[in-house]
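First the structure, in the form of structure tokens, and then the observations on it.
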Amino acid sequence: LAKTTQPISMDSYEGQEVNITCSHNNIATNDYITWYQQFPSQGPRFIIQGYKTKVTNEVASLFIPADRKSSTLSLPRVSLSDTAVYYCLVGDMGSGGGADGLTFGKGTHLIIQP
Amino acid sequence: EAQVTQNPRYLITVTGKKLTVTCSQNMNHEYMSWYRQDPGLGLRQIYYSMNVEVTDKGDVPEGYKVSRKEKRNFPLILESPSPNQTSLYFCASSFLMGQVPMGEHEQYFGPGTRLTVT
């Protein structure tokens with residue numbers, strides 16, 4: 001399993017763009033990068049997933065450099081409701097070779113202020 | 001509605017009294033998993049299952065058992081609960097990689113079960 005490293009916490013303000021970077025130096029060829037969001041006392045919720053380059057959906061963008069040893073989740077124009085814990089996961093999730101369990105780690109606590 | 005359900009949502013029990021937390025999903029997912037979440041430790045995986053009758057240990061399996069006799073159900077069993085198993089538990093399910101398009105492989109989480117062992 002590729003281990004991930006994220007900042008423990010980040011602060012920003014409403015309307016700003018927030019970028020959260022995750023390091024995963026030993027990512028394997030078959031590994032995907034997935035980000036989840038979690039609010040207190042709720043289960044994590046999928047945000048975005050990618051393998052390389054850039055992925056964008058209606059809520060976020062994911063930037064992955066060519067060496068794939070890091071990734072950056074970008075949240076455009078955040079609001080107070082984006083205050084949550086964000087987890088970066090790296091793994092192949094059952095590609096056939098025997099799925100390793102996914103490790104969420106401690107995540108990044110993002111606090112958005114007015 | 002596609003969902004993962006867990007029961008009970010809240011449980012207070014005593015040391016040594018066997019308990020089962022049920023988990024069920026209606027999305028025909030092969031992969032199911034149990035996590036526990038404790039303050040300052042994030043989410044840690046207990047057990048996972050890639051299909052019926054196929055289970056494997058996660059990061060913190062000690063003191064827990066699971067079974068996967070049906071595709072939709074993945075109960076978590078605590079044979080002899082102890083206070084250090086007081087935690088918030090989440091069940092999750094997903095398709096296996098390769099069964100959905102790239103970028104769409106996600107785990108769906110249940111609402112959580114808050115367990116207190118005294």
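The values are calculated or read from the model by the stated rules, or taken from the named source; none is laboratory data. Here the structure is a predicted model, which means the values were calculated and not measured. So basically every Cβ, Gly included, is an ideal-geometry build from the backbone, and we count neighbours across all protein chains shown. With ligands, DNA and RNA removed, areas are computed over all heavy atoms of the protein, side chains included. Shrake-Rupley method; radii C 1.70, N 1.55, O 1.52, S 1.80 Å.
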Item to check | Total accessible area lost when A and B pair, probe 1.4 Å, Å² to nearest 100 | outcome: 2100 Å²
Checklist entry - How big is the range B:20-94 by Rg and Dmax over its Cα atoms, in Å? => result 11.8, 34
Checklist entry - Using modelled backbone amide H atoms (1.01 Å from N, in-plane), which distant-in-sequence or interchain residues come within less than 5 Å of A:Met10's amide H? => result A:His109, A:Leu110, A:Ile111
Checklist outcome for this item: Shape descriptors of the protein assembly as shown over alpha-carbon atoms, Rg and Dmax in angstrom, are 17.6, 53
Item to check | Gaussian network model of chain B, Cα within-10 Å springs - most flexible of B:Gly16, B:Gly58, B:Gly40 | outcome: B:Gly40
Checklist entry - For the protein assembly as shown, what % of the accessible area comes from carbon and sulfur atoms, probe 1.4 Å? => result 50 percent
Checklist entry - Roughly speaking, what is the centre-to-centre gap between the range B:11-61 and the range A:13-70 when only Cα atoms are used, to the nearest Å? => result 24 Å
Checklist entry - Using a Gaussian network for chain B with springs between C-alpha atoms less than 10 Å apart, which of these wobbles most: B:Tyr47, B:Tyr108, B:Tyr89? => result B:Tyr108
Next on the checklist: List the residues, sorted by chain then number, that are 5 or more residues from A:Ser70 or on another chain and whose placed amide H is less than 5 Å from its amide H.
Outcome noted: A:His24
Checklist entry - Which of the lysines could a cross-linker span from B:Lys69 if the Cα-Cα distance has to be under 21 Å and same-chain partners fewer than 8 positions apart are dropped? => result B:Lys18, B:Lys57
Item to check | Karplus (6.51, -1.76, 1.60) ³J(HN,Hα), θ = phi - 60°, over the range A:79-86, in Hz, Gly and Pro reported as x | outcome: 10, 4, 6, 7, 5, 5, 9, 10
Next on the checklist: Compute, for chain B, the length of the dipole vector about the Cα centre, with Cβ point charges of +1 (Lys, Arg) and -1 (Asp, Glu) only. Units Debye, rounded to 20.
Outcome noted: 440 debye
